[in-house]
Amino acid sequence: MAVTWSEDAEGVMRLPSGRLVRGRGLRRPLPPGPEPRFAVYLLGKEPPPVAWQARWLRWPDFWLPTDRREARGVIGEAWERAAAERVEIACGGGYGRTGTALACLAVLDGVPAGEAVGYVRAHYHRRAVETPWQRRYVRGFRAGANIG
């Protein structure tokens, strides 16, 4: 049985396949409603523990993941789990790193890599993906490719 987000919940973005993923900033309070079942936290240092299953990707603010192979695996896991679970992607502010990871999810979901940043800005937040190198990272993120 699928236990996913409500499409109108705060920060929720619908991917073309219908998967729903929530993006958010960890510096803001947890939104009302159900908790995630699985979360990916994109931070420079390890986050505090949470009551749900979570993965931490070392990803300094305004930069890129420190281990791109690990990032590929974790983002892929988030995409797979979003088919049936409430998946959350979050960083400090909820725009740069979160937007970059959401754009990579969009690529895995079939959005062409060159269009994924625009997709996330249109469907999640206009400020998503903040730096030129984050945009390049998304353009280089290919479904089925190993990034190392």
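How much length is gained if the chain between Lys45 and Glu10 is pulled fully straight, taking 0.36 nm per residue apart and subtracting their Cα-Cα distance, in nm to one decimal? Don't skip to the answer; put the middle values down first.
Numbers: separation 35, 0.36 × 35 = 12.60 nm, distance 2.54 nm.
Using 0.36 nm per residue and subtracting the Cα-Cα distance, I get 10.1 nm.
Most simply put, the chain has about 15% antiparallel DSSP beta bridges, counting only bridges with both residues inside it. If you take every residue apart from Ala84 with its C-beta less than 10 Å away from the C-beta of Ala84, what net charge results, scoring Lys and Arg +1 and Asp and Glu -1? Charge balance near Ala84 sits at +2.
Based on Cα contacts under 8 Å between residues 6+ apart, the stretch 74-148 shows a relative contact order of 31 percent.
Once a ≥ b ≥ c are taken as the square roots of the eigenvalues of the Cα gyration tensor of the stretch 89-138, is the result rounded (a/c under 1.5), prolate (a/b larger than b/c) or oblate (a/b not larger than b/c)? Intermediate values should be presented prior to the final figure.
On the way: a/c = 1.57, a/b = 1.38, b/c = 1.14.
Taking the square roots of the gyration eigenvalues as a ≥ b ≥ c, the stretch 89-138 is prolate.
In sequence order, the stretch 10-25 has phi-based couplings of 4, x, 7, 10, 8, 7, x, 6, x, 4, 10, 10, 9, x, 7, x Hz under the Karplus curve 6.51 cos²θ - 1.76 cosθ + 1.60, θ = phi - 60°, and Gly or Pro positions carry x. Only Cα pairs under 8 Å and 6+ residues apart enter the sum, and on that basis the relative contact order of the chain stands at 27 percent.
For the stretch 100-136 and the stretch 77-99, what is the separation of their Cα centres, given in Å? One Cα centre to the other: 12 Å.
Summed over qualifying helices (DSSP H, 4 residues or more, each -39500 (n - 2.57)) and divided by its residue number, the chain shows a 222 nm mean residue ellipticity of -9000 deg cm²/dmol.
Projected over all directions and averaged, the alpha-carbon convex hull of the stretch 1-120 occupies 7.0 nm².
Computed from the coordinates by the stated procedures, all read-outs in this text should not be read as laboratory data. This one's a predicted model, so the numbers in the text were calculated from it and none came from an experiment. Virtual Cβ from ideal backbone geometry, glycine too; neighbours counted across all protein chains shown.
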